[in-house]
Amino acid sequence: MRYRIHQIKLNIDDDHSIFEKAIKKKLKRRDIKISDITIAKESIDARKKPDVKLVYSLDFSCDERLPLDEAKRQDYDEIMSDRIDICREKAAKLEEKGMLKRPVIAGFGPCGMFAGLILAQAGMKPIVIERGQAVDERLKAVREFWDGGKLDPESNVQFGEGGAGTFSDGKLTTGIKDMRIGKVLKEFVAAGAEENILYKQKPHIGTDRLVDIVKNIRTQIEELGGEVRFSTRLEDIICEDKKIKAIVTNKGRIETDTLILAIGHSARDTFKMLYENKIPMEQKPFSIGVRIEHPQEMINKAQYGNPKLAEKLGAADYKLNHICENGRGVYTFCMCPGGHVINASSEENTAVTNGMSNSGRDSFYANSGLLVDVRTEDFGSEHPLAGVEFQRKYEHLAYEMGEGKNPKTVYADFRDNEDDKVRNSLPEFAAESIIEAMPYLGKKLRDFDSDDAIMTAVETRSSSPVRILRGEDMQTSVTGIYPAGEGPGYAGGIMSAAVDGIKAAEKVMPK
């Protein structure tokens, strides 16, 4: 039998070689014979700082009957293997007859990447179109922009191979529970990520590692017969009798009866095109705020008690929230330990900010989004795309306040100076909510509300302001169109977007 045991606590200096001894001690059975010990989950317990512990859930084999839960891990590849094989056989026969209609995926972020990978593994030979460049060329364009060059509206922090997630911390945490999470993690490891992401409580990859990983996943798709076409933007859809017949790109028409919309939360022109084609959509709440920075050593001390523990445990992170008297929620988002605040604009004359970390998380500063709820009634219009215009308004305002750059300030000025440029880059309700929340957040994390905390405006792209409506079969009112991932409003983050892409691929696969 294979069992799982929880709450195995070790000191941070303990070696994994003592797992067997720790299990026997927990079971109060020194005589028991166990083997094949693997880590199911690792987390940090810093409640009694600075006496920080590592806490494990461990799987192991034993011939005896024990009073433990059986270790059951759903393996996506095993569960789906028969269906994948059947789909591959059907696709091969259709291709022989010249009848295989290749599915098209718009967007090569986490959602489109994993939709493409699953369809390629199933023999469907998908065509992925991505408006931005391949990641190496994209990196050059982004660095030139950050160095004071011209923004490329088609290839930037938001658009290009890997999507917006390429310029992030590469966090793989998610609130969803789904067996497809394991599939995503395994594919990342196969593409070059460290194996510890399979069991870390808060796994991450880092921007520097993501570059090669997304290329490796693209290569696998291509080796399986799929295509990834860069600098190819979706411009129109051709429908007949409520069915997709073809798409139009800036490089020509593609005949297809299947289109997965993995377009990301910043594809505003695509939202507009879909709306004009009467694809049902609705407004969706999102958030607005700033990036806030503190010295990473301060965060390490607050979370671990001893900042030197970061040398063994890694740079500390945090997650904070507060409900204001006006009912608005203020919360930290996409926290980047040892990271960098970046310009994430994708349109001319706008200032958008975000955060990213490399795999080492070794910069001097920690940063996080500090965001406030934006409700649909704040948009000032019932138009489905009113949230897009709301975002644009404050992105343009931040650009003006920063005189062409992301405006920066410190918290003391944001709080005390009504003319502060960052404060005036936000809606009044957002600025007031942040000011009210900061002392409460400072009680939860020591010195979070320090006067010299750096604030950069404006963060608007935490999630999509639009939801493209879909049914239980994941299709819109037009048969063959599958909205998926962050852009259409069904995910938030790398993992949930990737999982939604896999779900869309499964719906596309013939049964």
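Scanning the stretch 338-372 for residues that are surrounded by fewer than 24 Cβ atoms within 10 Å (Cβ to Cβ) and more than 26 Å from His204 (Cα to Cα) yields Glu347, Glu348, Asn349, Thr350. Could you say which residue among Ile260, Ile238, Ile244 is part of a strand (DSSP E or B) and crowded, with 24+ Cβ neighbours inside 10 Å? Going through Ile260, Ile238, Ile244 in turn, just one is part of a strand (DSSP E or B) and crowded, with 24+ Cβ neighbours inside 10 Å: Ile260.
For the stretch 482-494, filtered to residues that are buried (at least 24 other Cβ atoms within 10 Å of the Cβ) and not small (Gly, Ala, Ser), the residue that is farthest from Thr174 (Cα to Cα) is Tyr482. Summed over the stretch 435-476, the residues that are surrounded by fewer than 24 Cβ atoms within 10 Å (Cβ to Cβ), of a type in the set (Val, Ile, Thr) and within 16 Å of Asn367 (Cβ to Cβ) give a count of 1. Listed by position, the strands (runs of 3 or more DSSP E) inside the stretch 392-511 whose residues that are farther than 30 Å from Lys243 by Cα number at least 2 are 408-410, 454-459.
Considering only the stretch 103-124, state which residues are outside any helix (DSSP H, G or I) and either surrounded by fewer than 20 Cβ atoms within 10 Å (Cβ to Cβ) or among the small types (Gly, Ala, Ser) (or both). Selection gives Ala106, Gly107, Gly109, Ala122, Gly123. Look through Ala310, Ala315 and report the one residue that is assigned by TED's automatic domain parsing to the domain that holds Arg392 and touching a Lys or Arg at 6+ places or on another chain (Cβ under 6 Å). When all the criteria are applied, what remains is Ala315. Against the test of being in a strand (DSSP E or B), of a type outside the set (Lys, Arg) and within 21 Å of Leu100 (Cβ to Cβ), the options Ile254, Ile221 yield a single qualifying residue, Ile254.
Cβ separations smaller than 6 Å between residues 6+ apart or across chains give the following pairs from the stretch 449-464 residues that are modelled with pLDDT of 95 or more and of a type in the set (A, V, I, L, M) to residues that are surrounded by 24 or more Cβ atoms within 10 Å (Cβ to Cβ) and in a loop (DSSP other than H, G, I, E, B): Met455/Val422; Ala457/Pro407; Ala457/Val422.
Do the conditions hold for Lys183, that is, is it among the basic types (Lys, Arg), in the same structural domain as Gly109 (by TED's automatic domain parsing) and surrounded by fewer than 19 Cβ atoms within 10 Å (Cβ to Cβ)? The answer is no for Lys183.
The values are calculated or read from the model by the stated rules, or taken from the named source; none is laboratory data. These numbers come from a predicted model, not from an experiment. Positions of Cβ are backbone-derived with ideal geometry, glycine not excepted, and every protein chain shown enters the neighbour counts.
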